[in-house]
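Notes follow the structure.
Every read-out reported here was derived from the displayed coordinates using simple, explicitly stated rules and does not represent laboratory data. All values derive from a computational prediction rather than experimental measurement. Here the Cβ positions follow ideal geometry from the backbone for every residue, glycine too, while neighbour counts run over all protein chains shown.
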Amino acid sequence: MRIAVIGSGYVGLVSATCFAEIGHEVISVDNNAAKIAMLERGEVPIHEQFLPGLLDRHRGRRLKFSQSVAEAVEKADAVFICVGTPPSATGEADLSFVEAVASEIASALRGGKVIVEKSTVPVRTCEWLRKSLLLNGAPLGSFSVASNPEFLREGTAVTDFLYPDRIVVGADDELSRTTLQKIYEPLTTGSYYQRESFIPAPEAAPLKARIIITNARSAELIKHAANAFLAMKISFVNTVANIAECVGADITEVCAGVGSDSRIGPRFLNAGIGYGGSCFPKDVQAFQAVANHCGYDFGLLTEVMRINAEQRRVFLKKVRSALWTLRGKKLAALGLAFKGDTDDVRESPAIEIIEALLAEGAKVRAYDPAAIGKTREISELNGLEYAADAYDAMTGADALLILTEWKEFASLDLNRVQKLLKYPIVIDGRNLYERNQMTDVGLIYYSIGRSVAAPKHLTAAAQEPETEVVLPIGGLELPSGARSAA
Ligand code: UGA
């Protein structure tokens, strides 16, 4: 089929490339001329596994790039809208980019085309889209509108697209239903998986993708509910982690036990410094705004957000309890991205924590395998130093902080770590190690939801102080004057 994908961000670019991979003719559109020129030269603007290889395979063949919505729409059977839906000041999704694209699409509509909303949007956006297309001159009967939410995680977006848990199609008429079914046929019949050069399947991937067909409103709601539920799972686990720590239990053991109940499942049960990224924080807020519009106070989501912010403070408290005062202390920070396998630093818990530490007067030297470039653009991080690799970051540091779950941070040479650090202190916000791995090499190990682990000769150095001193939390909730004093 012929497909136009409007917006070449994370979702648009991955979707366009994967549509080409499963056999469609695709035009990927963006109004950013520099980005289109870059893509045409074969450069990939985001860090995403398998994307460079797939772009190479299809660029100039089944996958073309353009700045013109009209050109792409004229040539397409289906038009996917993949533009940003950022949060507005009230927490609601700002749909002005979707509306602007709708008016451009409207003027190019001829014949029966399917306009598909793929960006994460509040329920009923499809109805607004339909209305906007008509008001902007699209002839009645020249289009139908559908919802096809994406469930792509950054870092594994290509395999998430090609081996989905499910494909959700929200269609209110026959044309959109049959068009979307046809588009995804190579995945739902499994014919794509028979080909020779396909992208390797993740473990336990089904050989035929499951498709769920609903009406448009249900599909829109599925996306918001799924992201809010996952965010809730993380906040729940982080709260249990804090309790586990308090009572001397081990959150990894607790989660292994809880997650082995098939009704709960083992995934998204990793305790840490809270969720971040461009999706969960924004979608939880936007879903709450949807509930408000229905006259319902979704207080559960307020708690999810509160716990998430609190988790950054829990980590900062650990740093203070390990190091006493922070002014002038040298800290090595491993990780800047909001999670591993991505260069995305939007709403990154690592960045929020570093900002708070800098505001308290600590000196931070950071390393991330992919996100240093994007971090340099953040002006609030004045004074942050960047290291060439993980070991360079920790040389002479008073403590090592692990902030992002990159695989390479889970396999550090711990003997080398112990030798390079000034004090033998590791504070791990992602629970990447067993406690005894650290103590065996003489390191004191603080993690989330597990008690502090220390080698025998350093047990006293790792003890929690008896009375808790409440110190200002820079960068997160600064008491007045704290930042200027820092
Ligand atoms: C998320 C969803 O997982 C995708 O299904 C969805 O399509 C996407 O949002 C979206 O709406 O576009 P993403 O934001 O890329 O994907 O990242 P996740 O892998 O979900 O991680 C989100 C955050 O939660 C990260 O900061 C991660 O470190 C944290 N996390 C995740 C935990 O703290 N614990 C866990 O067990 C899992």
task = Only helices at least 18 Å long along their axis, Cα-based, and averaging 0.0 or more on Kyte-Doolittle count here, so list those DSSP H runs from the chain.
result = 96-108, 216-247
query = If you average 1/r over every pair of different alpha-carbon atoms in segment 226-486 and take one over that average, what Kirkwood value in Å do you get?
reply = 18.8
Sum of -39500 (n - 2.57) over DSSP H runs of 4+, divided by residues of the chain (222 nm, nearest 500) = -12000 deg cm²/dmol
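Could you state, as a whole-number percent, how many of the C-alpha pairs of the chain are farther apart than 34 Å? Mind showing how you got there, number by number?
On the way: 47612 of 117855 pairs.
Distances greater than 34 Å cover 40 percent of the Cα pairs.
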query = What whole number of Å gives the distance from the Cα centroid of segment 372-411 to the Cα centroid of segment 334-363?
reply = 8
task = Take every DSSP beta bridge with both residues inside segment 2-214 and express the antiparallel ones as a percent of the total, to the nearest 5.
result = 10
task = Would you mind telling me the antiparallel percentage of the DSSP bridges in the chain, rounded to 5?
result = 10
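Using Cα-Cα distances under 8 Å and only pairs 6 or more residues apart, what relative contact order does segment 226-486 have, in percent?
So the answer I get is 20 percent.
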remark   = Given the candidates 32, 292, 225, the one whose Cα lies deepest towards the positive end of the charge dipole of the chain, counting +1 at each Lys or Arg C-beta and -1 at each Asp or Glu C-beta, is 32
Net charge dipole size for segment 2-214 [Lys, Arg +1 and Asp, Glu -1 on Cβ; Debye, nearest 20] = 460
task = Please list the equivalent ellipsoid semi-axes of segment 27-136, computed as the square roots of five times the alpha-carbon gyration tensor eigenvalues, in descending order and whole angstrom.
result = 26, 19, 12
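Under unit Cβ charges (Lys, Arg +1; Asp, Glu -1), what dipole magnitude, rounded to 20 debye, does segment 323-439 have relative to its Cα centre?
The dipole of segment 323-439 has a size of about 480 debye.
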request  = Starting from the amide H of residue 145, placed 1.01 Å from N in the peptide plane, find each other amide H under 5 Å away whose residue is 5 or more places distant or on another chain.
outcome  = 115
query = Tally Lys and Arg at +1 and Asp and Glu at -1 over the other residues with C-beta under 10 Å from the C-beta of residue 397: what net charge comes out?
reply = +4
task = Let me know the charge dipole size of the chain about its Cα centre in debye, to the nearest 20, where only the beta-carbon of Lys, Arg (+1) and Asp, Glu (-1) is charged.
result = 280
task = On a C-alpha basis, how far is the centre of segment 284-328 from the centre of segment 70-91 in Å? Whole number, if you could?
result = 31
note = For segment 76-92, Karplus-derived ³J(HN,Hα) couplings (6.51, -1.76, 1.60; θ = phi - 60°; whole Hz; x for glycine and proline) come out as 9, 8, 9, 10, 9, 8, 10, 8, x, 10, x, x, 8, 4, 8, x, 6
remark   = Spelling it out for residue 364: with amide H atoms placed in the peptide plane at 1.01 Å from N, the residues 5 or more places away or on another chain with amide H under 5 Å from its amide H are 331, 385
remark   = If unit charges are put on Cβ atoms (+1 for Lys and Arg, -1 for Asp and Glu) and the dipole of the chain is taken about its Cα centre, the option from 455, 273, 12 lying farthest towards the positive end turns out to be 12
